[in-house]
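The values are calculated or read from the model by the stated rules, or taken from the named source; none is laboratory data. Not measured: the values here are computed from a predicted model. As a convention, Cβ positions derive from the backbone with ideal geometry for all residues, glycine included, and neighbour counts pool all protein chains shown.
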Amino acid sequence: MMSPLARLDALQQVMSTAALPMGLIAWPGLRLEFANQALQDLLARNASPLADGGFACAPFQQAIDECLAARIDTGISCPQALGIWHFLPVLDNGQPCALQCYLLPMPAAPATAEAEAAHPAADLSRIDRFEACLDRLPQQIWIATPRGEIAWINRALKRYAFHHAQHVDLGDATWIDLVHPDDLASVNASLSRALITEAPSGYRLRIRRHDGRYLWHFSTLEPVKNDRGEVLYWMGFNINLEAIKQGEDRLHEQLALLKHKLHRIQGELRQAQDDLARAQKMDLVSNLSAGVAHDLNNLLFVTGLHAGLLEKSLSDPRQREHVDVIHETIKKAGRMASHLTGFSSRRPLSLAAADPKALVRDIEDLLAKAVGAETAFQIRMPESLWPIRTDRMYFENSLINLAINARDAVGGSGHITLQLENAVLDRPGARGEYVHICLSDDGCGMSDEVKERIFEPFFTTKAEGKGAGLGLPMVKNFVDQSDGLIEVESAEGQGTSFHLYLPRASQALPVEQDEEALAEGAMETILIIEDDLSVRNAMAQVLYELGYQVATAYNPEVAMRYIQGGMEVDLIISDIRMPGRLTALEMRDQLHAEGRRMPMLFTTGYSSEHLKEQIPALEGSTVLFKPFSMLDLAGAVRSIMRQKSEDTLGRLAPSH
């Protein structure tokens, strides 16, 4: 962070070459500590008492107090003090360390209302003279209408942005193209806040120079009001901060280097740094896993749609069996993608009634591979097991984690047993009917000290690179969120047993539905908005095959141009998250505002946890999570089309 002294030195360097009278006032003494040449000449030429440097007097004291209280640019008209003085606070850690001041020439005295009505040309002449005065100042100055539309810029700003001083048409918001794209949102927010509050505003932004380079500026926005308090226009003033910003960046780099050296020599804090590094690693891996899962879901989705198209064209049942295997593999891969977002306990559980025997049989091969071919592995399950209320993905992942830990404990050549049975518990916090899942081994076992720490994140007894210490914490989190119970029995040299008690499901098991026929279309027009070309093309091909007319767009802005250009659309299918200034949800709201009530179907490759900010806005909308099948897509589209037809008939039906 730049020190107060360095900041004041940088400001003096910037102001020293300015033609606008500018200076620095000491705080709290309120004496003029620095004046550039323009201000020195003006004070000397007019024999001003301010040449002695005193600002602790009326009328300046009130303006300075307002400036420090509001922390914004504050101006005061003072004819006897040469013009309009403006004061800006210079802050250090949120507290004022000095005041920056600059002086604008006093415009002509306002005429009376009767004179203005009688001589409008004279008023226009004063405005022209005022703009002509501003046009000759070397600082960037602009004037905006009461609605915030920039209507005039002076020569300095023209030369900076366009390399000429000729007339510039500002009617189509040309100034927006001059602002760095990353700063548009904050600039718009500051302008909007100023227009709403009718109060001065200031903000940093990067403005494009005529050579294409963006330089940092500080822009102030000040309302000019009439006697009735109505805003007549807004005055804007840009100060070039590039030298200050470069100095800040250099100091930031030096500070980062000093921090790195400091961390290197602080050996006594190494353990705390290791803990912090692990926490940061956890957060980084969690975020990375979400992105990987998103991309994997997109690839699986494209594969699944093409497999569905292939299945439609196959008549040989034996070949269709191969496609069924592809679909089943895609489902399993999709669950693996869910594992990426689930291991860190960020993914909420999706609890449903399930048959524990069927869950174990589905992963029996995976469990056998996890324990290894040289390990004696047994699974014992009675025929009559109660259904459990569980999350299938977490259940499978938990058993695989326990199996891998057991394999490491037996060294790949011992005995591992997975046993399931019904159990009735009567313990504090665990009363009722449960399914008891026990995975035991005859391996090395654990000491009491190790057993007390096995559920700590990142704790592991395995060699470097053999384990991250995340498996057992995930298992514990899963059991706790399932309202279950987990217990561990272990002793050194006597093996280990993990006991999981999952509550019996009160609802019946879901009945498996026969595969439905694909719902085909009737040449309705569907607009697909998707930034991933392969996903976009795959959905388009599927919808063509199903009898729909399809149009595509790679972002919502392009889609809006199509619709506003006259394209008739029956349904919009859009990915929720895409690059661009307009989101899919904002596009929906804009269409509704324009009276276009076309339905929308949303898709995403992210989990619901990573869309939690959008969940309220998606209430009542249909959302398909990738990878979804051709059958899922066809059913969702036909359901929305059917609802649209019913709504249309309802509006057309005569009232009684």
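Taken as a whole, the condition of being in contact with a strand residue (DSSP E or B) (Cβ under 7 Å, 6 or more places away or on another chain) and within 22 Å of E242 (Cα to Cα) applies to I153.
Checked against (1) touching a strand residue (DSSP E or B) at 6+ places or on another chain (Cβ under 6 Å); (2) of a type outside the set (A, V, I, L, M); (3) under 18 Å from F498 (Cβ atoms), W386 passes all but condition (3). For region 191-214, filtering for residues that are of a type in the set (A, V, I, L, M) and loosely packed, with under 13 Cβ neighbours inside 10 Å leaves 1. Taking residues in region 480-501 that are farther than 23 Å from D426 by Cβ, and partners anywhere that are basic (K, R) and not in a strand (DSSP E or B), the pairs with Cβ atoms closer than 7 Å and at least 6 places apart or on different chains are S490/K451. When every residue of region 217-229 is checked against the conditions, none turns out to be within 28 Å of the chain's Cα centre (by Cα), of a type in the set (A, V, I, L, M) and under 26 Å from Q100 (Cα atoms).
Checked against (1) surrounded by 13 or more Cβ atoms within 10 Å (Cβ to Cβ); (2) in a helix (DSSP H, G or I); (3) modelled with pLDDT under 85, L5 passes all but condition (1). Among the residues of region 526-548, those identified as closer than 21 Å to M598 by Cβ and buried (at least 16 other Cβ atoms within 10 Å of the Cβ) are I526, L527, I528, I529, E530, R536, M539, A540, V542, L543, L546, Y548.
Only one residue in A58, A63, A98 is more than 16 Å from E222 (Cα to Cα) and either modelled with pLDDT of 80 or more or touching a Leu at 6+ places or on another chain (Cβ under 8 Å) (or both), so which one is that? Sole residue among the options that is more than 16 Å from E222 (Cα to Cα) and either modelled with pLDDT of 80 or more or touching a Leu at 6+ places or on another chain (Cβ under 8 Å) (or both): A98.
Taking region 199-227 as the search range and keeping residues that are among the acidic types (D, E) and modelled with pLDDT of 90 or more, which one is farthest from G247 (Cα to Cα)? By that ranking, first place goes to E222. Based on what the data block shows, is N238 among the polar types (S, T, N, Q) and either modelled with pLDDT of 70 or more or in a loop (DSSP other than H, G, I, E, B) (or both)? It is true that N238 is among the polar types (S, T, N, Q) and either modelled with pLDDT of 70 or more or in a loop (DSSP other than H, G, I, E, B) (or both). For region 383-407, name all the residues that are among the acidic types (D, E) and either outside the structural domain of K476 (by TED's automatic domain parsing) or buried (at least 18 other Cβ atoms within 10 Å of the Cβ) (or both). Listed by number, the residues that qualify are D391, E396.
Looking only at region 559-596, residues that are aliphatic (A, V, I, L, M) and either more than 11 Å from L527 (Cα to Cα) or not assigned by TED's automatic domain parsing to the domain that holds P627 (or both) come to 8 in all. Within region 559-585, the residues that satisfy the criterion of being without any contact (Cβ under 8 Å) to a residue 60 or more places away in the chain, within 22 Å of N537 (Cβ to Cβ) and of a type in the set (V, I, T) are I563, V569, I572, I576.
The residues of region 413-434 that are hydroxyl-bearing (S, T, Y) and under 44 Å from the mean Cα position of the chain (by Cα) amount to a single one, Y434.
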